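Student: Quick one: the structure is below, and I'll ask about it shortly.
The values are calculated or read from the model by the stated rules, or taken from the named source; none is laboratory data. If you're wondering where the values come from, they're calculated on a predicted model, not measured in any experiment. Cβ: placed from backbone, ideal geometry, glycine included. Neighbour counts: every protein chain shown. Ligands, DNA and RNA are stripped out before the accessible areas are found, and what is left, the full protein with its side chains, is counted by its heavy atoms. Shrake-Rupley method; radii C 1.70, N 1.55, O 1.52, S 1.80 Å.
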Amino acid sequence: MLRSLKIFHLFLFAALVAMTARPAVAGPKLLDSYIRSLVLPNGALANSNAPNATHVTPYLGAYAAIGLSLSGDAATALGFERWYVANLNARGIYGPGCTIYDFTFTRDPFSMSSTGKADATDAPAAVFLTAMYYLYETGDRAARRWIVTQERHAQCIAEASTGLFQSEYDCTAALPGYNFCLAEDNFEVWRGLGAIAWLEQNAWENPRASSAYFSDQAIIAAGLAQFWNRSNGNYNWARSTITGRFTASSWTQFYPGAVTQLWPEFTGYAAPSDPRSLHLWRSFKSAWPEMPYRSPVESPWPLTALTAAVMGDSRFLAEYADGVNACYQSLGYPYYWESADGGNMLTALLWSPLRHHSRLLSHGNVCR
């Protein structure tokens, strides 16, 4: 655990603010089918459905698994999560705890090999724990039978999410040898700790461990609070683990500056009704008004639609669903649409009463 503090109040069950809501409509079949098309023979999820796709990024797959579980597709999510656990590094390899590398694959004959590296070690572990929570909550018997045997693995994965914890700043560094804490990663770590705390209590009947993880979550929350830049009215996107200095976010920089401001909302760190959440969401939309119709970067960013769903912004969600999403859908979700994009869009539509009818709006939409 991060350190022995007795914290009995902050975020005891707020860890699951964004996880306890239940979907209002059935999952769109095309998005579920898209994610299923990415399944490899060993249960892993390819990053995209491009004919020349060769990469598997567990972080992206975990977001896809969240969408699958919410849509009721427990079997596909379970296949991915079993693959993830089977391919963990041994404890202490590539950082503390049980980390995981990215992978490459070939189709004919099928083979997969590790790249020996990853973009991060804290965030993939944290998002996987969140995906495990969602899978358990499906109520699927096979999924629950497997999860109840996975406490030790989950604890080792949780150790990876916080293994590079910086006690001076109450934040986790993203990667061994990378001397920065990233706001996005720490929001995901905060949520992942809430997920394993819930599982410890409800799946593994270990209230002592549950309390410890909630305590760790409160520490990460305190570190995240320091990222707030009062002058800019947004969260700094990075902090040096050497000097403690922050890298400020600019609304005119789409990524990471502006997009970082969505993480507090969709992870549940801040309630949708919180004045800061409302300010951040309004400011993002003001800075990037064309986002629902045309992404300003190569990636489609349906995570913006997910944030809209969490914030109860049905108009933005409808515009994105009929704009960027419909454009990609009409083409079969080609690259740059990736596994996490499918999961996030699926989650967005499930989270909202919006009943989507595919149609392109006349906003000069092009798939990027």
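Student: With an 8 Å Cα cut-off and a minimum separation of 6 or more residues, compute the relative contact order for the range 254-342 in percent. Walk me through the intermediate numbers first.
Tutor: Details: 76 pairs, mean separation 24.6, N = 89.
Answer for the range 254-342 is 28 percent.
Student: Using +1 at the C-beta of Lys and Arg and -1 at the C-beta of Asp and Glu, which of ALA183, TRP198, TYR235 has the Cα lying farthest in the positive direction of the dipole of the range 115-243?
Tutor: So the residue furthest toward the plus end is TRP198.
Student: For the chain, taking Cα atoms only, what is the radius of gyration to one decimal and the Dmax to the nearest whole Å?
Tutor: 19.2, 57
Student: Quote the accessible area belonging to THR104 in square angstrom, nearest 10, computed with a 1.4 Å probe and with ligands, DNA and RNA left uncounted.
Tutor: Counting only protein heavy atoms, the figure is 40 Å².
Student: Determine which residues of the range 243-268 fall in the zone a paramagnetic label at SER231 would reach in this model, i.e. backbone nitrogen under 17 Å from the point 7 Å along Cα→Cβ.
Tutor: 244-252
Student: For the chain, what relative contact order do you get, as a whole percent, if you take Cα pairs closer than 8 Å and at least 6 residues apart? Working shown, then result.
Tutor: Numbers: 719 pairs, mean separation 77.4, N = 368.
So the answer I get is 21 percent.
Student: Next question. Quick one: putting +1 on the C-beta of Lys and Arg, -1 on the C-beta of Asp and Glu, what dipole do you get for the chain around its Cα centre, in Debye to the nearest 20? List each step's numbers first, then the result.
Tutor: Details: 26 positive and 28 negative charges, 58 e Å.
So the magnitude is around 280 debye.
Student: Once you've got the GNM for the chain with C-alpha springs shorter than 10 Å, pick whichever of GLY139, GLY192, GLY268 has the biggest mean-square fluctuation.
Tutor: Taking springs between Cα atoms under 10 Å, the residue moving most is GLY139.
Student: Shape of the range 92-135 from its Cα gyration tensor (a ≥ b ≥ c, root eigenvalues): rounded if a/c is under 1.5, otherwise prolate when a/b > b/c, or oblate?
Tutor: On the way: a/c = 2.94, a/b = 1.42, b/c = 2.07.
Here the range 92-135 falls in the oblate category.
Student: Sorted by accessible area (1.4 Å probe), largest first, how do ASP108, ASP216 line up?
Tutor: Values: ASP108 145, ASP216 5 Å².
Largest accessible area first, the list is ASP108, ASP216.
Student: For the range 306-354 and the range 162-197, what is the separation of their C-alpha centers, rounded to whole Å?
Tutor: 28 Å
Student: A further question follows. Tally Lys/Arg at +1 and Asp/Glu at -1 over every other residue whose Cβ is under 12 Å from the Cβ of ALA64; what's the total? Mind showing how you got there, number by number?
Tutor: Values: positive: ARG36; negative: ASP32, ASP73, GLU81, GLU338, ASP341.
Local charge sum for ALA64: -4.
Student: For labels at HIS279 and ALA50 in the simple 7 Å Cα→Cβ model, what's the distance in nm?
Tutor: 4.0 nm
Student: Further question: Leaving ligands, DNA and RNA out of it, rank LYS117, LYS29, LYS285 by accessible area with a 1.4 Å probe, largest first. Please list the in-between numbers first.
Tutor: Values: LYS117 125, LYS29 165, LYS285 65 Å².
Descending accessible area places them as LYS29, LYS117, LYS285.
Student: Can you give the accessible area of GLU137 in Å² (nearest 10), computed on protein heavy atoms with a 1.4 Å probe?
Tutor: Approximately 50 Å² for this residue.
Student: May I pose another question? When a/c is below 1.5 the answer is rounded, else prolate if a/b is larger than b/c, else oblate, so apply that to the range 86-187 with a ≥ b ≥ c taken from the square roots of the Cα gyration tensor eigenvalues. Intermediate values should be presented prior to the final figure.
Tutor: On the way: a/c = 2.05, a/b = 1.19, b/c = 1.72.
Judged from the Cα gyration tensor, the range 86-187 comes out oblate (a/c at least 1.5, b/c at or above a/b).
Student: Separate question: Given C-alpha coordinates of the range 249-301, what is the ratio Rg to Rh with the Kirkwood estimate of Rh? Present the calculation step by step, with values, prior to reporting the outcome.
Tutor: Working: Rg = 11.0 Å, Rh = 11.5 Å.
Using only Cα positions, Rg/Rh for the range 249-301 is 0.96.
Student: Which of these, MET345, MET112, MET132, has the largest mean-square fluctuation under a Gaussian network model of the chain (Cα springs below 10 Å)?
Tutor: MET112
Student: Based solely on its DSSP helices, what 222 nm [θ] is calculated for the chain when runs of n ≥ 4 H residues each add -39,500 (n - 2.57) and the sum is averaged over all residues, nearest 500 deg cm²/dmol?
Tutor: Numbers: 14 runs with 158 residues, N = 368.
Helix-only estimate at 222 nm: -13000 deg cm²/dmol.
Student: Please check: in the Gaussian network model of the chain (C-alpha springs, under 10 Å), which one of THR307, THR54, THR260 has the largest mean-square fluctuation.
Tutor: Per the Cα network of the chain with a 10 Å cutoff, THR54 tops the list.
Student: Can I ask one more? Given the protein chains as shown and a 1.4 Å probe, how many square angstrom of PHE246 are accessible, to the nearest 10?
Tutor: Around 70 Å² of this residue is reachable by solvent.
Student: Now, a different point. Going by accessible area, probe 1.4 Å, with all protein chains left in place, what is the ranking of GLU290, GLU168, GLU151, largest first?
Tutor: Values: GLU290 95, GLU168 140, GLU151 45 Å².
Result, largest first: GLU168, GLU290, GLU151.
Student: So what J values fall out for the range 33-38 if you push phi through Karplus, 6.51 cos²θ - 1.76 cosθ + 1.60 with θ = phi - 60°, rounded to Hz, Gly and Pro as x?
Tutor: Coupling constants for the range 33-38: 5, 4, 5, 4, 5, 8 Hz.
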